[in-house]
Structures are given as C-alpha cells and as structure tokens.
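Undergrad: Before anything else, here's the structure in question.
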Amino acid sequence: MENDAASLIRNANNLDPNLARVFLPFALGNPRYLKGFFSLLGTHIKAKRRREEMLRSGLVVPPFLIISITSRCNLNCAGCFAKAAGTVSGSTGSRKELSFGQWKSIIRQAKDLGIFGFVIAGGEPFMHSGLLELCGGFKDSLFIILTNGTLLKEQQYEKLKSLSNIAALVSIEGGREINDERRGKGVHDKAMEALLRLNACGTLTGISVTITRDNYLFWMDEKNIDELAGKGVRIGAFMEYIPTTPGNGHASNDHGLMLDEHERSEFRARMLEYRNKKPIYIIHSPGDEEYFGGCVSAGRGFAHVTPSGDLTPCPVSNIATHNLARTKLSTALGGRLFKEIRKNDHLLESDGMPCALFAHPEEVNELARSVGAYRTGS
Ligand code: SF4
C-alpha cells in the first residue's frame with residue numbers, strides 16, 4: 001500500500017504537481033476514490049503507451065473524447081454554444097440520437113485506441129437515462145460529467161455513491177444574479193444544492209464556468225473561490241465565452257461579452273495564481289493550450305462526438321466527415337479533416353480570440369469544403 005501510494009504520488013507529480021496536491025487529500029477523505037485513482041493511474045499509463053503505438057502506425061489518437069450524449073436540455077441559456085453549434089435542440093430533442101449500445105461500442109473502441117478519459121456534455125447529460133450505467137460499465141476510465149445540476153434525482157445520488165471514476169462539474173456563472181441572468185430564474189440555487197449533494201455523497205465535485213465580461217471580475221475575487229472550496233469543490237473549469245451564430249461559425253453580435261486582450265491576460269494571471277495555491281484543480285481555456293503548442297482540437301488533445309454520432313474537431317466546430325453509427329472511430333480519427341486542421345499550424349493559433357477555429361472562419365470553411373465535410377446538427 002505504501003509503495004502504491006508513493007507511486008501514485010510520484011506519477012501524479014510527473015503529470016502535474018497540482019494533481020497530487022489537490023486530489024490526494026480528497027482521495028484520503030473518500031477512500032473509494034483512492035482505489036479508483038489507482039485503477040485510473042493504471043489506465044492512464046497503458047493508454048499513453050497505446051497512443052504512442054497508434055502514432056507509430058500513423059494514427060493520432062487524443063487522450064480525451066468529448067461526448068455530447070444528448071441534444072436535449074431543460075434550460076435555455078443565453079449564448080448556449082451547444083445550441084449555436086446545432087448540438088442542442090431544446091428539451092424534446094429532434095435528431096435521432098445514438099443508442100446506449102452504440103455509445104458503449106464507441107467508448108470501447110476509444111479505450112482500445114488509447115483514449116484515457118471522456119468528457120460527457122450535451123445538452124444536459126442527466127436527461128439521458130443510461131448515463132451513470134454507461135460510466136459504471138467502464139470503471140477504469142475517467143468520466144467528467146458537465147451538468148447544469150438542475151435535474152439530479154435521489155436514485156442518481158445513490159448510484160454515484162458506488163462510482164469512483166466520475167467527476168461531476170456543475171455549471172455556475174457566478175453569484176445568483178449573474179447566473180440566473182444567463183441561465184434562468186432559480187437555476188443558481190438548484191445548481192448550488194446539487195454541488196452540496198454531490199459533495200455529500202463523496203463524488204469528486206467541480207464547477208464549470210463560462211467566462212464573460214459580465215462575470216470575470218466575480219471569479220477574480222478569491223473569496224468566491226474560497227467559498228466554493230469550502231463547499232467541497234475540487235475542480236474549476238474556466239472556459240472563456242465564444243460568441244457563435246448558429247451553423248455558420250461566423251462572428252455574432254455578442255462579441256461584447258468577450259474579454260479584451262488586457263482583461264484576458266489579467267484573468268489568466270489570476271488563474272495561474274489560484275492553480276498553485278488553491279485546493280481546487282484549475283483548468284483554463286484559452287490559456288492551457290499553450291502547454292500543448294496551441295489549440296488541442298482535431299485529435300491533438302480531444303475530439304468530439306455529437307448526439308447523433310458525428311465526429312467533429314471540437315464541441316464548438318460543427319463540421320464532420322464521418323458518423324460513428326456507420327464508421328469505426330479509428331477510421332474517423334484518421335480522416336482528412338483532422339489531418340488538414342492539424343497540418344495548418346496557424347489554424348491552431350487563437351490570434352487574440354478565445355478559440356482558434358473560431359478565429360479563422362473562412363479558412364476553416366474552405367478546408368471543410370476541400371475535404372468534403374458536412375455541417376452537423378441541422
Ligand atoms: S444547460 Fe448547457 S446545453 Fe443547456 S441551454 Fe444551458 S448552456 Fe446550453
């Protein structure tokens with residue numbers, strides 16, 4: 001046990017010293033996660049070797065796959081990027097979504113190729129009745145669930161008590177007023193209650209924040225971060241708002257919500273400060289891409305699957321050449337779309353915008369046409 005714990009710390013520190021600093025105290029306080037972290041560490045090491053093997057055979061496999069498991073959502077947030085990208089179609093959903101069996105097959109294929117973790121998005125993932133059963137079926141893979149926190153029921157909290165491969169990130173924009181302004185009346189209180197319940201059932205809990213000009217100062221005030229750390233939050237994912245217009249990727253008129261260069265560098269500095277001292281694991285974009293040489297879409301860090309199975313470069317970019325209901329994941333990952341995006345280095349630079357692909361709409365459209373890509377969603 002001592003040696004295992006030591007190897008866990010050593011490996012975590014090799015990855016990122018903040019991993020051990022933030023998650024080991026959590027795992028020691030929630031023993032089921034200690035066992036879970038060992039199994040995840042084993043998967044991480046095996047998956048990395050497998051990706052290196054695949055790279056030698058000419059296939060770039062990302063460590064993460066983002067799965068938009070449903071197009072249904074019970075909320076109607078202003079500026080929802082998933083709606084703008086055509087992934088979300090309201091509460092009832094309109095497009096034929098992949099079946100439980102098809103998602104299981106995609107996750108199995110992904111694991112076989114060396115994909116270590118899965119980010120479950122949507123729509124609202126907890127509108128998918130098989131969500132936790134799906135995650136529970138792959139106990140040695142990491143699942144990060146992005147939820148609005150308003151639909152969790154007793155039986156789901158009970159189910160979560162038996163799982164140690166899940167991190168649940170609840171969307172919170174800021175205080176009640178800022179949050180409900182964007183997400184709807186009463187959503188803040190429900191989301192905060194979900195945070196407390198998730199923490200109470202010992203689930204690795206976090207927040208997912210869309211940073212705009214309206215809320216960035218709230219998050220730069222460290223007392224707000226400390227308050228959430230006190231409520232058991234261990235992960236903070238801060239993604240800057242990307243203004244999009246449905247379908248075409250061209251700039252919409254809500255550019256005013258984007259941070260300017262000065263605000264962006266101020267905010268980045270504060271995130272790096274928090275990263276090294278707060279008991280919360282900070283993920284920040286745009287910013288962390290710099291550790292990987294630029295945008296990590298198109299298989300470099302992740303790829304994205306829409307509710308109906310299209311493989312896109314990322315959740316914001318609604319272009320694809322393959323659908324996983326008809327094609328193997330390895331074939332889709334090996335397609336020209338991803339290769340061409342990765343080949344064009346300048347397409348991976350964000351040029352002062354919160355998203356690299358968003359910053360080059362004409363080139364992305366031209367590239368999409370040249371490889372015969374189609375628009376997903378509509
Ligand atoms: S909860 Fe998420 S998917 Fe649903 S409307 Fe809001 S931002 Fe969009």
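The values are calculated or read from the model by the stated rules, or taken from the named source; none is laboratory data. Every value quoted in this text rests on a predicted model; they were computed, and no experiment measured them. Glycine also receives a Cβ, built like all others from the backbone with ideal geometry; neighbour counts cover every protein chain displayed. SASA here: full protein model, heavy atoms, side chains in, ligands and nucleic acids out. Shrake-Rupley method; radii C 1.70, N 1.55, O 1.52, S 1.80 Å.
Undergrad: Just checking, does region 281-295 include any residue being surrounded by fewer than 20 Cβ atoms within 10 Å (Cβ to Cβ) and modelled with pLDDT of 90 or more?
TA: yes
Undergrad: With open to solvent by 30 Å² or more (accessible area, probe 1.4 Å) and in contact (Cβ under 8 Å) with a residue 60 or more places away in the chain as the only criterion, which of Arg213, Arg234 stands out?
TA: It is Arg234.
Undergrad: Is there a residue in region 325-338 that is surrounded by 22 or more Cβ atoms within 10 Å (Cβ to Cβ), touching a strand residue (DSSP E or B) at 6+ places or on another chain (Cβ under 6 Å) and either at pLDDT 90 or above or closer than 16 Å to Ile115 by Cβ (or both)?
TA: The answer is yes; a qualifying residue exists.
Undergrad: Restricting to region 75-107, count the residues that are touching a Gly at 6+ places or on another chain (Cβ under 9 Å), at pLDDT 95 or above and in a helix (DSSP H, G or I).
TA: So the answer is 6.
Undergrad: From the list Ala110, Ala191, pick out the single residue that is farther than 25 Å from Arg268 by Cα, part of a helix (DSSP H, G or I), touching a helix residue (DSSP H, G or I) at 6+ places or on another chain (Cβ under 9 Å) and within 13 Å of the ligand (Cβ to nearest atom).
TA: After applying the criteria, what remains is Ala191.
Undergrad: Tell me, yes or no, whether region 358-375 has at least one residue that is without any contact (Cβ under 8 Å) to a residue 60 or more places away in the chain, over 30 Å from Asp112 (Cα atoms), hydroxyl-bearing (Ser, Thr, Tyr) and open to solvent by 20 Å² or more (accessible area, probe 1.4 Å).
TA: Taking every residue of region 358-375 in turn, at least one turns out to be without any contact (Cβ under 8 Å) to a residue 60 or more places away in the chain, over 30 Å from Asp112 (Cα atoms), hydroxyl-bearing (Ser, Thr, Tyr) and open to solvent by 20 Å² or more (accessible area, probe 1.4 Å).
Undergrad: Sticking with this one: Of everything in region 113-146, what is within 17 Å of His44 (Cα to Cα) and within 16 Å of the ligand (Cβ to nearest atom)? Give them in sequence order.
TA: Going residue by residue through region 113-146, those that are within 17 Å of His44 (Cα to Cα) are 113-119, 135, 138-144.
Once the filter is applied, which keeps residues that are within 17 Å of His44 (Cα to Cα) and within 16 Å of the ligand (Cβ to nearest atom), region 113-146 yields Val119, Ile144.
Undergrad: Further question: Looking at region 60-81, which of its residues are open to solvent by less than 20 Å² (accessible area, probe 1.4 Å), more than 16 Å from the ligand (Cβ to nearest atom) and out of contact with any strand residue (DSSP E or B) (no Cβ under 7 Å at 6 or more places or on another chain)?
TA: Scanning region 60-81 gives a single hit, Val61.
Undergrad: Report, by residue number, each residue of region 147-183 that is out of contact with any His (no Cβ under 8 Å at 6 or more places or on another chain), surrounded by 21 or more Cβ atoms within 10 Å (Cβ to Cβ) and part of a helix (DSSP H, G or I).
TA: Leu160, Arg182, Arg183, listed by residue number.
Undergrad: Also: So how many residues does region 29-59 have that are assigned to a loop (DSSP other than H, G, I, E, B) and surrounded by 14 or more Cβ atoms within 10 Å (Cβ to Cβ)?
TA: Within region 29-59, residues that are assigned to a loop (DSSP other than H, G, I, E, B) and surrounded by 14 or more Cβ atoms within 10 Å (Cβ to Cβ) number 2.
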